[in-house]
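Asker: Structure below; questions to follow.
The values are calculated or read from the model by the stated rules, or taken from the named source; none is laboratory data. Predicted model only: the values in this text are computed from it and were never measured. Note that we place each Cβ from the backbone using ideal geometry, even for glycine, and neighbour counts take in every protein chain shown.
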Amino acid sequence: TALSMVGNVPYVWGGSNPSTGFDCSGLVQYSYGISARTTGAQQALGTHRYDVENAPAGALYFYGSDSSPYHVAICLGNGTAVQALNPNRGIDVVSNADFMPSYY
């Protein structure tokens, strides 16, 4: 679902649907059909692992500390993730070499 948004849906702060756009947590909420809306609520849903190089496709990457995550993305495997980045980049596939997650 998230990959279908790449290049087709804009980044919008607070956005949570494809007709108007997504921010990072809105993209995750929509793609997974979960009720947790914020990055903080989403990171509280599961156990945290710190070996990000071994994250399976579909895992959620988080950026920042356990107590204060500031960004979420969806792991695609092979060191890449789909994420809603900012108004300039929109929704894009990004290498972990460019933007390394803290945990998944």
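Asker: How about the stretch 1-17: which of its residues are within 18 Å of Ser35 (Cβ to Cβ) and either surrounded by fewer than 21 Cβ atoms within 10 Å (Cβ to Cβ) or modelled with pLDDT under 95 (or both)? Before you say what the answer is, go through the steps one by one.
Answerer: Of the stretch 1-17, the ones within 18 Å of Ser35 (Cβ to Cβ) are 1-2, 14-17.
Once the filter is applied, which keeps residues that are within 18 Å of Ser35 (Cβ to Cβ) and either surrounded by fewer than 21 Cβ atoms within 10 Å (Cβ to Cβ) or modelled with pLDDT under 95 (or both), the stretch 1-17 yields Thr1, Gly14, Gly15, Ser16, Asn17.
Asker: Do you know which residues across the stretch 86-104 are part of a strand (DSSP E or B) and within 18 Å of Glu53 (Cβ to Cβ)? Show your work before the answer.
Answerer: The initial filter retains those residues of the stretch 86-104 that are part of a strand (DSSP E or B), namely 86, 90-95, 103.
Selection gives Val93, Val94, Ser95, Tyr103.
Asker: Could you tell me whether any residue of the stretch 47-70 is assigned to a loop (DSSP other than H, G, I, E, B), out of contact with any strand residue (DSSP E or B) (no Cβ under 6 Å at 6 or more places or on another chain), modelled with pLDDT of 95 or more and within 15 Å of Leu3 (Cβ to Cβ)?
Answerer: yes
Asker: Working carefully through the options Asp98, Asp66, Asp92, find the one that is touching a residue at least 60 places away in the same chain (Cβ under 8 Å), surrounded by fewer than 19 Cβ atoms within 10 Å (Cβ to Cβ) and of a type in the set (D, E, K, R).
Answerer: Asp92
Asker: Given Gln83, Gln29, which one is assigned to a helix (DSSP H, G or I), crowded, with 20+ Cβ neighbours inside 10 Å and modelled with pLDDT of 95 or more?
Answerer: Gln29
Asker: Quick check, is Gly21 at pLDDT 95 or above, surrounded by 18 or more Cβ atoms within 10 Å (Cβ to Cβ) and on the phi > 0 side of the Ramachandran plot?
Answerer: yes
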